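Engineer: Before I ask anything, let me first share the structure, which is written out below as structure tokens.
Read-outs: derived from the displayed coordinates by stated rules, not from any lab. Everything numeric here is computed off the predicted structure, so don't read it as measured data. No Cβ is skipped: glycine too gets one built from the backbone with ideal geometry, and neighbour counts run over all protein chains shown.
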Number of protein chains: 2
Amino acid sequence: MSVTKSSNPLIRDPDTLANALGLSFDDNDLLVQALRHRSSGRLNNERLEFLGDSILNLAVSDYLYRHKPEASEGALSRLRASVVREESLARVAREIGLGDYLVMGSGELKSGGHRRDSILADALEAMIGALYLDQGFAPAHAWVQSLFGTALESLPDAQSLKDAKTQLQEYLQRDRLPLPEYEVMEQSGQAHRQTFEVACRVRCQGVPYETSASGSSRRRAEQSAARRMLETLRDTLGESPGKGK
Amino acid sequence: MSVTKSSNPLIRDPDTLANALGLSFDDNDLLVQALRHRSSGRLNNERLEFLGDSILNLAVSDYLYRHKPEASEGALSRLRASVVREESLARVAREIGLGDYLVMGSGELKSGGHRRDSILADALEAMIGALYLDQGFAPAHAWVQSLFGTALESLPDAQSLKDAKTQLQEYLQRDRLPLPEYEVMEQSGQAHRQTFEVACRVRCQGVPYETSASGSSRRRAEQSAARRMLETLRDTLGESPGKGK
């Protein structure tokens, strides 16, 4: 398989990228293909991205399993999602200057595609896939660890990654307080563009609290109302809502 | 780390399982842990399952990438989902008799937990994770390929895995017919238990067709209505709805 390099002089040579990263590909076509956005033609990086995504997931799972021996399966999943999310991948892609090497159709290029998070993240995953095909799991694994070293060493608190309803429930249960209640107060708009207004109610130390929020789905509205409730209770009662009971 | 084997004489010895599968663990505790459902206590297979899931995903992605060179990223994703879904994992787990080796709390055991799809699938993933930790990626990869050989060699048609709305759209676009229209005809029930009644309308060779279906969400109702439309059109017009235009 032979993949044509870009003839656009503004796009830098893939070899320069490989050298800068200390990578050396036996089959250089794989690297060239990893840098081709789907707007550049049929031979692009989409299939390599599919493969690279799986390698990235395993490399991060492996790190978390070994470095977070006390974390539950749920905490591990949330931590992994925080590392492999598009925004985080795009940041790493920018650090290695990946945007300068991407080949894309002129429409994408003009609209700033080489700066877009989704395109950068996909190309980074495709490069991981290309390295795996060229050299096997161990080198690809090692490269992911070096790319994501900073992100992996400064993982967020697993608790803070929980959704607001779960955090509120755990906050209340710590002091054995009753669970919050949610009620849809209003539902408006047409079927495909509805707005939900939801109330969240809890009782702490005999005092009733209520917050409300709206959202484009019942779930989103409930999460917002729970977040407001958690802020209100923490401001008012601190970390132990049932202390005075 | 030492993991206590089950003292229940009805549960078979993990070594027997490893021997039957031709696997040999340096650290046998990993195998023992992989067979412990969370109902058996704190040291269970949930974290190993988290890891094994990533290995399974990569092993299947690798196979599909190499054996389906013409498949798009979307087709690869749908094929992978068909292989790694719970039901398919549970079938493989049953083939190797995994249920006989699972350690679980007495409540789970009495309610037939060792025959449940979700528990079997999780334990199989945990075993893959244990083998990876014990022996590295290549042996775990090879084991997944031998376990899922039959499923991988008899993959479904990628087209049939598309959702009904996509299939209907592609069916119509093949003959450049206009896209189907969907309309919510009725929405009933309380906010958290709604029923949607949706109509699907298309026009082929000047003739209007309409199907309808209901579901617990607008999306589900639309998918059902699209499935009915596709069946109707194929029965009436065959594979080329716009042929006579």
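Engineer: Being more than 10 Å from every other protein chain (Cβ to nearest Cβ) and either without any contact (Cβ under 8 Å) to a residue 40 or more places away in the chain or over 21 Å from B:GLN135 (Cβ atoms) (or both) narrows it down to one residue among B:ALA34, B:ALA90; which is it?
Structural biologist: B:ALA90 is the lone residue from the list that is more than 10 Å from every other protein chain (Cβ to nearest Cβ) and either without any contact (Cβ under 8 Å) to a residue 40 or more places away in the chain or over 21 Å from B:GLN135 (Cβ atoms) (or both).
Engineer: What are the residue pairs meeting all of these: first residue in region A:204-232, first residue without any contact (Cβ under 8 Å) to a residue 40 or more places away in the chain, second residue β-branched (Val, Ile, Thr) and exposed (fewer than 15 other Cβ atoms within 10 Å of the Cβ), Cβ atoms under 7 Å, and 6 or more apart or on different chains?
Structural biologist: Every condition considered, the pairs that remain are A:SER214/A:THR195; A:SER216/A:THR195.
Engineer: Turning to a different aspect of this structure: Which numbered condition in (1) within 9 Å of chain A (Cβ to nearest Cβ); (2) in contact with a helix residue (DSSP H, G or I) (Cβ under 8 Å, 6 or more places away or on another chain); (3) farther than 18 Å from B:ILE128 by Cα is the only one that B:GLY74 fails?
Structural biologist: The one condition B:GLY74 does not meet is (2).
Engineer: Among the strands (runs of 3 or more DSSP E) lying completely within region A:161-241, list those that include at least 1 residues that are in contact with a Phe, Trp or Tyr (Cβ under 6 Å, 6 or more places away or on another chain) and more than 30 Å from B:MET185 (Cβ to Cβ).
Structural biologist: Counting at least 1 such residues, we get A:195-204.
Engineer: In region B:42-61, what count of residues is obtained for those that are more than 7 Å from every other protein chain (Cβ to nearest Cβ) and free of Cβ contacts under 8 Å to residues at least 40 places away in the same chain?
Structural biologist: Residues meeting the conditions: 2.
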